[in-house]
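Here the structure comes first, spelled out in structure tokens, and everything after it is commentary.
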Amino acid sequence: MILVIGGYSQGKLDYVKKRFSKDKVAIIDAKSFSADITETENNNEKKIVIDNINELVKNSVIDKKNPEDEIKKLLHKFPDSIIISDEVGNGIVPIDKTERLIRETIGRMQCILAEQAEEVIRVICGIGQKIK
Amino acid sequence: MTILVYGGSGSGKSAFAEKKTTELNKGNKLYYLATMQVYDDEDRERIKRHRKLRYGKGFTTVEQPKNIDKILDSLSNEKCDVLLECMSNLVANEMFDGDSKDKSVFDKIKADITKLDACCDNLVLVSNNIFEDGITYDREAEDYKEILGNVNSFLSSISEEVWEVVAGIPVRLK
């Protein structure tokens with residue numbers, strides 16, 4: 001698994017598309033699914049890119065599910081995927097308790113993903129820096 | 001050795017700072033200087049999590065939410081090692097709950113940290129990246145951002161090593 005992180009609108013998905021332009025890529029947007037996602041077509045030959053994993057974490061927190069379990073399910077299904085996550089922890093502490101929890105949980109989940117990843121890329125201004 | 005560890009919320013900076021401090025510690029008295037004011041259960045939970053992380057690593061915890069120069073006399077007579085966590089709380093406490101109510105907070109913190117640094121063989125400072133959410137807040141919060149930014153720059157200038165922790169991965173900046 002490869003983890004690609006970076007702030008909002010930093011060109012993470014474009015970075016991934018460019019880097020894997022020779023592969024067949026299937027992009028799954030985590031904004032619009034839970035980990036129960038079914039494989040829609042024959043994805044076996046495709047590189048699976050899961051965009052906005054932070055949204056999955058956010059929804060898990062809101063639905064009071066364990067985000068770590070949700071991610072485990074996803075990785076079990078797509079072990080060789082490329083996972084993209086927005087960095088959200090670099091701001092003022094939110095006043096709202098749930099927002100605080102979401103923000104911190106996304107950070108912790110990124111730590112867990114980064115530990116498992118073979119490679120971690122941080123994208124800033126469209127430039128990918130390999131940090132692991 | 002003076003080290004600054006910088007990162008966002010949930011970045012894993014505490015765990016890395018502890019690792020750094022314990023690696024540097026060669027038998028000096030080892031202090032954990034906690035600057036967080038405890039207000040509610042959420043704070044207590046945070047402290048519990050951090051205590052668990054530190055458990056069994058030989059830290060003596062000193063709680064000092066502001067005026068950190070006041071504790072220097074009570075630290076070991078010989079040079080010691082200190083992990084200070086974290087600067088964002090210290091700056092907030094000095095600004096909103098402290099005796100000086102304006103930008104001289106920066107000078108006060110600068111002076112206090114300089115004194116603390118002089119007492120230490122090894123000082124590891126933890127600070128937060130709060131600067132990248134693109135939101136303009138009210139005047140107080142904007143002042144806070146500015147002062148913390150200046151404090152961070154000062155800390156990096158006195159540090160031999162500066163690390164940013166990203167998703168648990170330490171990235172060396174200096």
Inset, instruction - Per DSSP H run of at least 4 residues, take -39500 (n - 2.57); add these up for chain B, divide by its residues and hand me the 222 nm value, nearest 500 deg cm²/dmol. - result: -13500 deg cm²/dmol
Legend entry - Buried solvent-accessible surface, both chains (B, A), 1.4 Å probe, Å² to nearest 100: 1700 Å²
Legend entry - Average accessible area per residue (Å²) across the protein assembly as shown - probe 1.4 Å, nucleic acids and ligands excluded: 50 Å²
Legend entry - Contact order normalised by residue count of chain B, Cα under 8 Å, 6+ apart, percent: 40 percent
Inset, instruction - Classify chain A as rounded, prolate or oblate, taking a ≥ b ≥ c as the square roots of the eigenvalues of its Cα gyration tensor: rounded when a/c is under 1.5, otherwise prolate if a/b is larger than b/c and oblate if not. - result: oblate
Inset, instruction - Pull out a ≥ b ≥ c, the square roots of the eigenvalues of the alpha-carbon gyration tensor of the range B:88-135, then state rounded if a/c is under 1.5, prolate if not and a/b is larger than b/c, and oblate in the remaining case. - result: oblate
Inset, instruction - Select from the range B:109-137 all residues whose loss of accessible area on going from the chain by itself to the full protein assembly reaches 10 Å² or more (probe 1.4 Å). - result: B:Asn129, B:Ile130, B:Glu132, B:Asp133, B:Tyr137
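By the scheme Lys and Arg +1, Asp and Glu -1, what is the net charge of all other residues having a beta-carbon under 9 Å from that of A:Ile92?
Result for the neighbourhood of A:Ile92: 0.
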Inset, instruction - Please find the FRET efficiency linking B:Lys115 to A:Glu45, where r is the Cβ-Cβ separation and R0 is fixed at 51 Å, and quote it to the nearest 0.05. - result: 0.20
Inset, instruction - Give the long-range amide H neighbours of B:Phe131: residues separated by 5 or more places, or on another chain, with amide H under 5 Å away, using H modelled in the peptide plane at 1.01 Å from N. - result: none
Inset, instruction - List every residue whose amide H lies under 5 Å from the amide H of B:Tyr6, counting only residues 5 or more places away in sequence or on a different chain, with H placed 1.01 Å from N in the peptide plane. - result: B:Ser127, B:Trp163, B:Glu164, B:Val165
Inset, instruction - Output ³J(HN,Hα) for the range B:74-91: one whole-Hz value per residue in order, computed from phi by the Karplus curve 6.51 cos²θ - 1.76 cosθ + 1.60 with θ = phi - 60°, and x for Gly and Pro. - result: 7, 6, 3, 5, 7, 4, 10, 10, 10, 10, 9, 9, 9, 5, 5, 6, 4, 5
Inset, instruction - Could you work out the relative contact order of chain A, using alpha carbon pairs under 8 angstrom and six or more residues apart, expressed as a whole percent? - result: 40 percent
Inset, instruction - Considering only DSSP beta bridges where both residues belong to the range A:2-130, give the percentage that are antiparallel (nearest 5). - result: 20 percent
Inset, instruction - May I ask for the distance between the Cα centers of the range B:100-174 and the range A:99-132, given as a whole number of Å? - result: 22 Å
Legend entry - For A:Val25, residues with placed amide H under 5 Å, excluding near neighbours: A:Lys47
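At 37 °C and 0.692 mPa s, grab the translational diffusion coefficient of the protein assembly as shown from Stokes-Einstein with a Kirkwood Rh over Cα pairs, rounded to a whole number in µm² per second. Intermediate values should be presented prior to the final figure.
Details: Rh = 20.7 Å.
D = 159 µm²/s.
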Legend entry - Cα→Cβ-extended label distance, 7 Å offset, between B:Arg49 and B:Arg172, nm: 2.9 nm
Inset, instruction - Could you check how much of the accessible area of chain A is carbon and sulfur, as a whole percent, using a 1.4 Å probe? - result: 50 percent
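Could you give me D for the range B:2-172, from Stokes-Einstein at 37 °C and 0.692 mPa s, where the hydrodynamic radius is the Kirkwood radius over C-alpha pairs? Units µm² s⁻¹, please.
202 µm²/s
The values are calculated or read from the model by the stated rules, or taken from the named source; none is laboratory data. Values in this document were obtained by computation on a predicted structure and should not be read as measured data. Note that we place each Cβ from the backbone using ideal geometry, even for glycine, and neighbour counts take in every protein chain shown. The area values use the complete protein model at the heavy-atom level, side chains included, leaving out ligands, DNA and RNA. Shrake-Rupley method; radii C 1.70, N 1.55, O 1.52, S 1.80 Å.
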